[in-house]
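In what follows, a single structure is set out as structure tokens and then discussed.
The values are calculated or read from the model by the stated rules, or taken from the named source; none is laboratory data. Given the structure is predicted, the values throughout are model-derived calculations rather than measurements. Backbone-built Cβ (ideal geometry, glycine too); neighbour counts: all protein chains shown.
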Amino acid sequence: MSCRIEILETQESFVVAPGESVLDGALRAGIRLAHECTFGGCGTCRVRVVEGSVGYEEFPMGLSEEEDAAGFALACQARPRGNLVLSTARAEEPAVPARRATAIVQAVAPLGPDVLHLRMALPDEAPLDFQPGQYMKILLDDGSHRSFSMASAPGGNAIDFHVRRIAGGRFTTGQLPRLRPGDKLEVEVPLGNFSLRKEDYRPLLMVATGTGLAPIKSMLESLMDDPDCPPVSLYWGMRSAADLYLHDDIASWGERLYDFQYVPVLSRADESWQGRRGYVHDAVAADIGDLSEHAIYLCGSPNMIRDAKQTFMVLGAQAPFLYADGFTFQHT
């Protein structure tokens with residue numbers, strides 16, 4: 001049975017065919033819903049079910065059971081059980097529309113054992129405008145693309161990226177190490193709805209694994225020297241101390257951020273490590289017993305995001321103030 005879906009804010013409506021997800025039906029009807037990974041890992045397509053109910057073929061990693069109970073759903077995986085009214089109130093469109101451009105490589109240098117620093121610039125005279133937390137697509141010759149979050153704050157036309165090298169990866173292992181200053185790449189920018197929400201006026205809890213640090217760094221750099229900066233706690237999960245590629249730099253951020261706390265957490269630390277061990281979300285739970293007043297940003301592996309959401313909701317985290325961006329890596 002086909003189902004009619006209405007978007008509360010825009011009064012747009014569309015029909016979802018039997019077996020289709022809400023997102024598939026919307027895209028087929030030409031209606032834009034925020035989305036990125038399309039397999040339920042990142043949480044970008046989260047909507048609130050105002051009327052009706054949905055089900056899943058397999059419960060998505062990017063949604064916690066508590067969020068589900070609170071009426072939230074992931075449009076890319078949700079199958080309507082009847083007519084629906086959905087709210088997309090917090091899935092705002094980016095303030096600046098994405099555009100294609102030719103970016104010029106400025107530098108490629110190692111940051112850590114498996115992470116490269118890529119710096120590119122757009123040739124335009126006007127500074128590139130984007131929201132801290134957004135990402136850029138690098139368009140490859142075969143029609144595919146690779147997505148990387150901006151790791152620097154808006155301002156000027158030069159942008160930093162943290163790129164994890166993937167064994168056998170066509171871009172990260174094949175093309176990227178051969179790039180030289182002056183080389184050109186076709187890009188699409190800015191993209192994504194994972195961005196800093198200054199209007200929340202809440203203490204910030206930033207939780208990252210791996211190069212999920214990149215968009216968090218962009219957000220925190222945009223808050224540096226800001227008299228309205230709220231208290232900030234950054235928990236960064238890695239496997240070993242050698243993987244903490246910006247450890248010393250992050251330790252100095254407290255000089256320019258209000259009430260800043262940095263906690264690196266290692267899951268496979270050796271005997272020399274004197275800091276926290278285990279999983280990053282468990283460290284947060286051990287340190288902060290009540291998350292009901294925080295705005296929480298999660299960026300990294302979909303597994304971390306799933307486990308962190310489940311843990312944090314039990315600690316009082318409020319779903320409307322919990323933002324997530326799941327990173328997946330393309331091996332080809």
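Scanning the stretch 206-224 for residues that are more than 20 Å from residue 282 (Cβ to Cβ) and either modelled with pLDDT under 95 or of a type outside the set (D, E, K, R) (or both) yields 211, 214, 215, 218, 219, 220, 222, 223, 224. Residue 143 meets the stated requirement of being at pLDDT below 95 and either loosely packed, with under 15 Cβ neighbours inside 10 Å or of a type in the set (S, T, N, Q) (or both). For residue 73, are the conditions met, namely being under 28 Å from residue 135 (Cα atoms), outside any strand (DSSP E or B) and of a type in the set (A, V, I, L, M)? No; evaluated as a whole, the condition is false for this residue. Within the stretch 153-164, residues that are in contact (Cβ under 8 Å) with a residue 60 or more places away in the chain sit with their Cβ atoms under 9 Å from residues that are basic (Lys, Arg), at 6+ positions apart or across chains, in these pairs: 153/217; 162/217.
Provide a single number: the residues in the stretch 1-55 that are of a type in the set (S, T, N, Q) and either under 29 Å from residue 145 (Cα atoms) or part of a strand (DSSP E or B) (or both).
4
The condition of being in contact with a Leu (Cβ under 6 Å, 6 or more places away or on another chain), under 30 Å from residue 178 (Cβ atoms), outside the structural domain of residue 211 (by TED's automatic domain parsing) and not charged (D, E, K, R) does not hold for residue 107. The single condition from (1) touching a strand residue (DSSP E or B) at 6+ places or on another chain (Cβ under 6 Å); (2) under 23 Å from residue 266 (Cβ atoms); (3) small (Gly, Ala, Ser) that residue 152 fails is (2). If you check residue 251 against the conditions, is it aliphatic (A, V, I, L, M), out of contact with any Lys or Arg (no Cβ under 7 Å at 6 or more places or on another chain) and either touching a residue at least 24 places away in the same chain (Cβ under 8 Å) or under 19 Å from residue 326 (Cα atoms) (or both)? So residue 251 does not fit the description; no. For residue 313, the requirement of being touching a strand residue (DSSP E or B) at 6+ places or on another chain (Cβ under 9 Å), more than 28 Å from residue 169 (Cα to Cα) and surrounded by 19 or more Cβ atoms within 10 Å (Cβ to Cβ) is met.
The residues of the stretch 173-211 that are polar (S, T, N, Q), part of a helix (DSSP H, G or I) and touching a residue at least 60 places away in the same chain (Cβ under 8 Å) amount to a single one, 211. State whether one or more residues within the stretch 225-233 are within 25 Å of residue 304 (Cα to Cα), hydroxyl-bearing (Ser, Thr, Tyr), surrounded by fewer than 23 Cβ atoms within 10 Å (Cβ to Cβ) and in contact with a helix residue (DSSP H, G or I) (Cβ under 9 Å, 6 or more places away or on another chain). Checked against the condition, which is being within 25 Å of residue 304 (Cα to Cα), hydroxyl-bearing (Ser, Thr, Tyr), surrounded by fewer than 23 Cβ atoms within 10 Å (Cβ to Cβ) and in contact with a helix residue (DSSP H, G or I) (Cβ under 9 Å, 6 or more places away or on another chain), the stretch 225-233 yields at least one hit.
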